[in-house]
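Comments concern the structure below.
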């Protein structure tokens, strides 16, 4: 009887020891998923109205992205205008939530053309090609739900670095100056990033896997 009791107790102890050995801590699936997520984000804002970004978020703390933003050719103040930008983007989420402090840096290109009318001569189309490197510090909110749906908004200021402005066209080649055309083209260039410019990403929508 005693031998049987000892055998039963030994089996119970052995089973318990085996269960404890197999009971290794397992990371929750959600925690593993939150440690690394990536996907596309699209947005609307100013000065570049349309943007698409490939975004990676690591451990809910750091976000890195590559962004292309643009304005399709449109008429502004009588000038046909288009511009594009490519930028690298970094975001720091200090509270591992939606709030972030970010820095975007890249290069922007803008092209514009306006009609110059010279009395007794005729009309000429004058063009301007504008380019600048820039940095864009900003703060905002970008929240990702467990489903992967991501929504955000942010604001900041764009600081140009070594901006250029080159005007070309038949009137320019002939040395015919026009203060009105120059002011129009320069104002457009400065408004959209060739000068210190406020930025607003009004709406960001994405999905992170």
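The table that follows gives values for the structure above.
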read-out	value
Residue that is modelled with the lowest pLDDT [pool: residues in the stretch 153-165 that are surrounded by 15 or more Cβ atoms within 10 Å (Cβ to Cβ) and closer than 17 Å to residue 84 by Cβ]	165
Search result, residues across the stretch 166-209 that are part of a strand (DSSP E or B), within 17 Å of residue 84 (Cβ to Cβ) and at pLDDT below 90	166
Residue count for the stretch 48-66, restricted to those that are crowded, with 18+ Cβ neighbours inside 10 Å, at pLDDT 95 or above and closer than 28 Å to residue 192 by Cβ	5
Given (1) touching a strand residue (DSSP E or B) at 6+ places or on another chain (Cβ under 9 Å); (2) part of a loop (DSSP other than H, G, I, E, B); (3) modelled with pLDDT under 95, index of the condition residue 94 fails	(3)
Residues located in the stretch 105-152, provided they are at pLDDT 95 or above, buried (at least 16 other Cβ atoms within 10 Å of the Cβ) and over 21 Å from residue 194 (Cα atoms)	140, 142, 144, 150, 152
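The values are calculated or read from the model by the stated rules, or taken from the named source; none is laboratory data. Only a predicted model underlies this, so the values are computations on that prediction, with no experimental measurement involved. Using ideal geometry, Cβ is built from the backbone for each residue, glycine included, and neighbour counts are taken over all protein chains shown.
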